[in-house]
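Enquirer: My questions will all concern the structure given below.
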Amino acid sequence: METIKIDKIVRSNRKTVALIVTQDAALVVRAPVYTPMKYIERLVSKKSSWIKQKIAEVLKRPRPLAKEFVGGEGFLYLGKLHKLHIVDDASLIIELRDRLYISKNSLPQARKVIVQWYKEEALKIIRERCAWYAKITGYTPASVKITNAQKRWGSCGPKGTLNFSWRLIMAPMEVIDYLVVHELVHIEQPDHSKLFWTKVQSILPDYKKREKWLKQNGGLLTV
């Protein structure tokens, strides 16, 4: 029988074992601190068909092309593609209008400039969405931060600090809202129990559709 490689084991105070196939097709096991390795290996073996299916699905997803930062190249913002337009105006660093305008002087550091712009937009918009859904859910975060996370879209700290990857700003607003609600509910429900998903669904009845979009297209949200 083929042995499935476990790429990473994360031990914490959680109560159950979770198997996660990441966007780069790696298998991550999240387990309680004292879970025996033999138990983890048996579980992985038992779930081997499911794991292989998930890895195959990840490998079939579209892969992003390396950005060249040239005029006419497309950049995602809130789910829409905006073409890059290079201008001579030295006073303009970067600005989104009908297109994404960037100064020719900024081209040597184009990626850095664009990523910084994405981060600023992400912080502004995600904070607004958190404030909006905090009124609906009754869950208020201690703070909202934007991170460079590549493998996690969002997380909720033990003190109610919410963290979101800047890459989310490239996704449609409804997908951002799903991540915001997901993390807000974690303030009250730290695990992914039935109660957690029931609460998410009560706020966003179509959350599975939004979650599916992120799983299928998340790999394209990069610069």
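Enquirer: Tell me yes or no: at least one residue of the range 6-17 is part of a strand (DSSP E or B), in contact with a strand residue (DSSP E or B) (Cβ under 7 Å, 6 or more places away or on another chain) and within 23 Å of Asn217 (Cα to Cα).
Expert: For the range 6-17, residues part of a strand (DSSP E or B), in contact with a strand residue (DSSP E or B) (Cβ under 7 Å, 6 or more places away or on another chain) and within 23 Å of Asn217 (Cα to Cα): absent.
Enquirer: Can you find a residue in the range 102-109 that is at pLDDT 90 or above and assigned to a strand (DSSP E or B)?
Expert: Within the range 102-109 (the criterion being at pLDDT 90 or above and assigned to a strand (DSSP E or B)), the answer is yes, since at least one residue qualifies.
Enquirer: Follow-up question, since we're still on this one. Mind listing whichever residues of the range 131-142 are closer than 17 Å to Gln201 by Cα and in contact with a helix residue (DSSP H, G or I) (Cβ under 6 Å, 6 or more places away or on another chain)?
Expert: Within the range 131-142, Tyr133, Thr137, Tyr139 meet the criteria.
Enquirer: Further question: Considering each residue of the range 128-145, count those that are farther than 20 Å from Glu211 by Cα and either under 16 Å from the mean Cα position of the chain (by Cα) or polar (S, T, N, Q) (or both), and give that number.
Expert: Of the residues in the range 128-145, 4 are farther than 20 Å from Glu211 by Cα and either under 16 Å from the mean Cα position of the chain (by Cα) or polar (S, T, N, Q) (or both).
Enquirer: Tally up the residues in the range 8-56 that are basic (Lys, Arg) and without any contact (Cβ under 8 Å) to a residue 24 or more places away in the chain, please.
Expert: Counting residues in the range 8-56 that are basic (Lys, Arg) and without any contact (Cβ under 8 Å) to a residue 24 or more places away in the chain gives 5.
Enquirer: If you take the residues in the range 129-165 that are among the polar types (S, T, N, Q) and in a loop (DSSP other than H, G, I, E, B), which one is farthest from Leu78 (Cα to Cα)? Before the answer, list the steps.
Expert: Keep residues of the range 129-165 that are among the polar types (S, T, N, Q), which gives 137, 140, 143, 147-148, 150, 155, 161, 163, 165.
Subset that is in a loop (DSSP other than H, G, I, E, B): 140, 148, 150.
Details: Thr140: 24, Asn148: 18, Gln150: 18 Å.
The residue in question is Thr140.
Enquirer: Moving on. In the range 200-214, what residues are loosely packed, with under 14 Cβ neighbours inside 10 Å and in contact (Cβ under 8 Å) with a residue 40 or more places away in the chain?
Expert: Scanning the range 200-214 gives no hits.
Enquirer: Considering only residues that are over 13 Å from Ile6 (Cα atoms) and more than 18 Å from the chain's Cα centre (by Cα), look in the range 17-38 and name the one that is surrounded by the fewest Cβ atoms within 10 Å (Cβ to Cβ).
Expert: Per the stated criteria, the residue is Tyr34.
Enquirer: Out of the range 55-70, which residues are surrounded by 13 or more Cβ atoms within 10 Å (Cβ to Cβ), at pLDDT 85 or above, on the phi < 0 side of the Ramachandran plot and part of a loop (DSSP other than H, G, I, E, B)?
Expert: Lys67
Enquirer: Where residues in the range 145-178 are of a type in the set (Ser, Thr, Tyr) and closer than 19 Å to Leu204 by Cα, which of them is surrounded by the fewest Cβ atoms within 10 Å (Cβ to Cβ)? Can you show your working first?
Expert: Filtering the range 145-178 down to residues of a type in the set (Ser, Thr, Tyr) leaves 147, 155, 161, 165, 178.
Filter again for closer than 19 Å to Leu204 by Cα, leaving 155, 178.
Working: Ser155: 16, Tyr178: 26.
Checking each candidate, the answer is Ser155.
Enquirer: If you don't mind, there's one more thing I want to ask. Of all residues in the range 173-199, which are of a type in the set (D, E, K, R) and not in a helix (DSSP H, G or I)? If you could, list the steps in order and put the result at the bottom.
Expert: Here is the first cut: in the range 173-199, the ones of a type in the set (D, E, K, R) are 174, 177, 183, 188, 191, 194, 199.
Passing the criteria: only Asp191.
Enquirer: Scan the range 59-68 and tell me whether some residue there is farther than 27 Å from Trp166 by Cβ and either free of Cβ contacts under 8 Å to residues at least 60 places away in the same chain or under 26 Å from the mean Cα position of the chain (by Cα) (or both).
Expert: Of the range 59-68, the ones farther than 27 Å from Trp166 by Cβ are none.
So far as the range 59-68 goes, no, none of its residues is farther than 27 Å from Trp166 by Cβ and either free of Cβ contacts under 8 Å to residues at least 60 places away in the same chain or under 26 Å from the mean Cα position of the chain (by Cα) (or both).
Enquirer: Regarding Lys135, is this residue over 17 Å from Ile169 (Cβ atoms), of a type outside the set (Phe, Trp, Tyr) and assigned by TED's automatic domain parsing to the domain that holds Asn163? Talk me through it step by step, then tell me what you get.
Expert: Values: over 17 Å from Ile169 (Cβ atoms): yes; of a type outside the set (Phe, Trp, Tyr): yes; assigned by TED's automatic domain parsing to the domain that holds Asn163: yes.
Judged against the criteria, Lys135 is a match.
Enquirer: While we're on this one: Test Trp117 against the stated conditions and say whether it is outside any loop (DSSP other than H, G, I, E, B), within 15 Å of the chain's Cα centre (by Cα), of a type in the set (A, V, I, L, M, F, W, C) and not assigned by TED's automatic domain parsing to the domain that holds Arg30.
Expert: In short, no.
Enquirer: Does the range 145-157 contain at least one residue that is touching a His at 6+ places or on another chain (Cβ under 6 Å) and either closer than 15 Å to Cys130 by Cβ or outside the structural domain of Glu121 (by TED's automatic domain parsing) (or both)?
Expert: If we filter the range 145-157 for residues that are touching a His at 6+ places or on another chain (Cβ under 6 Å), which is where we start, we get 156.
Filter once more, so that each one left must be either closer than 15 Å to Cys130 by Cβ or outside the structural domain of Glu121 (by TED's automatic domain parsing) (or both): 156.
Yes: one or more hits.
Enquirer: Still on this model: Hey, any hits in the range 186-199 for a residue that's among the aliphatic types (A, V, I, L, M) and surrounded by fewer than 15 Cβ atoms within 10 Å (Cβ to Cβ)?
Expert: Looking for residues that are among the aliphatic types (A, V, I, L, M) and surrounded by fewer than 15 Cβ atoms within 10 Å (Cβ to Cβ), one finds at least one in the range 186-199, hence yes.
The values are calculated or read from the model by the stated rules, or taken from the named source; none is laboratory data. Here the structure is a predicted model, which means the values were calculated and not measured. Heads up, the Cβs are rebuilt from the backbone with ideal geometry, glycines too, and the neighbour counts pull from every protein chain shown.
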